[in-house]
1. Output the residue which, of all residues in the range 25-61 that are within 30 Å of Phe126 (Cβ to Cβ) and polar (S, T, N, Q), is modelled with the highest pLDDT.
2. Tally the residues that are more than 17 Å from the chain's Cα centre (by Cα), modelled with pLDDT under 85 and crowded, with 18+ Cβ neighbours inside 10 Å, restricting the search to the range 161-187.
3. When you go through Val327, Val333, Val316 one by one, which is the residue that is in a helix (DSSP H, G or I), crowded, with 16+ Cβ neighbours inside 10 Å, at negative phi and of a type in the set (A, V, I, L, M, F, W, C)?
4. Answer yes or no as to whether Arg380 is more than 16 Å from the chain's Cα centre (by Cα) and basic (Lys, Arg).
5. Which ones in the range 367-385 are outside any helix (DSSP H, G or I) and out of contact with any helix residue (DSSP H, G or I) (no Cβ under 8 Å at 6 or more places or on another chain)?
6. If you take the residues in the range 56-87 that are within 16 Å of the chain's Cα centre (by Cα) and not in a helix (DSSP H, G or I), which one is surrounded by the most Cβ atoms within 10 Å (Cβ to Cβ)?
7. Being surrounded by fewer than 19 Cβ atoms within 10 Å (Cβ to Cβ) and within 30 Å of Met351 (Cα to Cα) is true for just one of Val255, Val190. Which residue is that?
Amino acid sequence: MIVVTGNVGLLSATAESFRSHGARQIAGVFSLRMIGFAISAVSYLIAARILGPERWGGLAAALVLPGMLAAFLDLGLPISNVYYLNRSRDAGVLFLNGAIFLTVVSLVSVCLSGAAMLWGVQIKYFAAIHSAGVVLAALATTYLLLLRAFLQQFLRGLHCYHVPIASQIYHDVFRLGAILTLFCFLEITVDALVLIAFSALLLVDVYLLRFVALKIRIRKAHPSFSQFRENMSYGLRHFLGTSLEALNTRIDLLVLALFLDQRTLGIYALAAGLGEIVHFVPWAVGYVLQPKLTREDDPFRRQAIVRRCLGVTSAVLVTSWVSFAVVGSWLVVWVCGTQYRDSYLPAVFLMGGHVWLGLATVMNKYFTATGRPEICSLTRALNLPIKAAALYFLCRYFGVTGAALSFGISSLALLLITCAVYRRIVSVDLLKSGHY
């Protein structure tokens, strides 16, 4: 075992530096994300209560497939831009390479899906949608989600932390306004909510494109195959991890949508949304953490920053989880109605899973920031058999509650695996740098 000695002063100085500068940025991102979360939660709960479990399940099924496709089609390119922008690569070249690649990939996938439906292939995920045009709009959100992730990560690499968060707030405000307009003057339907999701994403992408255009000189840039190859080398090593993470967090809805009736799926979908309430905490921390770790060359200072972030993140996550477990039963019935009473227990298990997943996510920023994203993929690959086995057996015997419990178990397993790998990697880094 490596024992760190003689560095107490450095650890304290690093913690104080991060507390004064990095913590302020995290607090700013966290505050903006809280505002967006509150607005999003209001629109989410209004729509869920009015639609009822059956139609809410239909909406969840319609939107889960585009979200999953978006997670699998970016091939790690957005996160690689964060790394290389902080390594002084040409921003214009990175932007053009990524924009061209993502556009081609998403257009091919949407066209193939649309052609399959025109030829009569029935996709069960869109059973609640009554218009072919709305189905195509749902599929087109795949590209809009890809573009949004690409632009947000690009601005993050340029250290424009607050613009992507502000864009998310605009997205949530637009969606809430549209839902309230439907509620007051028309009718809230699954088709209408899909079109609202499409329109909100389109507006956000235009807003983000405007800021990127102001930050870099796109017209003077030219695509570079060598830079694209370098990006893909980094991105693909990270891609497996993000894909497996998407499977861990979304495969339950993706699978349950094929076998459950829409009412039961709606109950589980609301529980999934409630469980993700705490997700914005590690998201806000990691959003600022990775670029800072990428710029930091001293492994001991990197470790100090990660430990500081883990302490704050765990305190907030565990407090939120315990609070929801105490008052969540009453809260779900009061806000969403008695029709969603059965969502409470799955939501508790799912939120616990997001607590463990959030802590693992913060630790993973160390790997991506030090140019070793394949370690994130390794930890998730090791966890995949646990997830598959838990989902199969628990869902088979305990239904949607078992599916929620499987997420909590697999997320805890992922955290333990990540802790073991993180401890090993950090020890090696400190040994190489002489801090031992």
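The values are calculated or read from the model by the stated rules, or taken from the named source; none is laboratory data. Bear in mind that the values here come from a model prediction, so they are computed numbers and not experimental data. Positions of Cβ are backbone-derived with ideal geometry, glycine not excepted, and every protein chain shown enters the neighbour counts.
1. Filtering first and then ranking leaves Ser43.
2. Of the residues in the range 161-187, 1 are more than 17 Å from the chain's Cα centre (by Cα), modelled with pLDDT under 85 and crowded, with 18+ Cβ neighbours inside 10 Å.
3. Among Val327, Val333, Val316, only Val316 is in a helix (DSSP H, G or I), crowded, with 16+ Cβ neighbours inside 10 Å, at negative phi and of a type in the set (A, V, I, L, M, F, W, C).
4. It is false that Arg380 is more than 16 Å from the chain's Cα centre (by Cα) and basic (Lys, Arg).
5. none
6. Within the range 56-87, the match that is surrounded by the most Cβ atoms within 10 Å (Cβ to Cβ) is Asp74.
7. Result of the check over Val255, Val190: Val255.
Yes or no, residue by residue, for (1) closer than 17 Å to Leu244 by Cβ; (2) β-branched (Val, Ile, Thr):
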position: Ser343; (1), (2): no, no
position: Pro346; (1), (2): no, no
position: Leu357; (1), (2): yes, no
position: Val362; (1), (2): no, yes
position: Cys376; (1), (2): yes, no
position: Arg380; (1), (2): yes, no
position: Leu384; (1), (2): yes, no
position: Lys387; (1), (2): yes, no
position: Leu415; (1), (2): yes, no
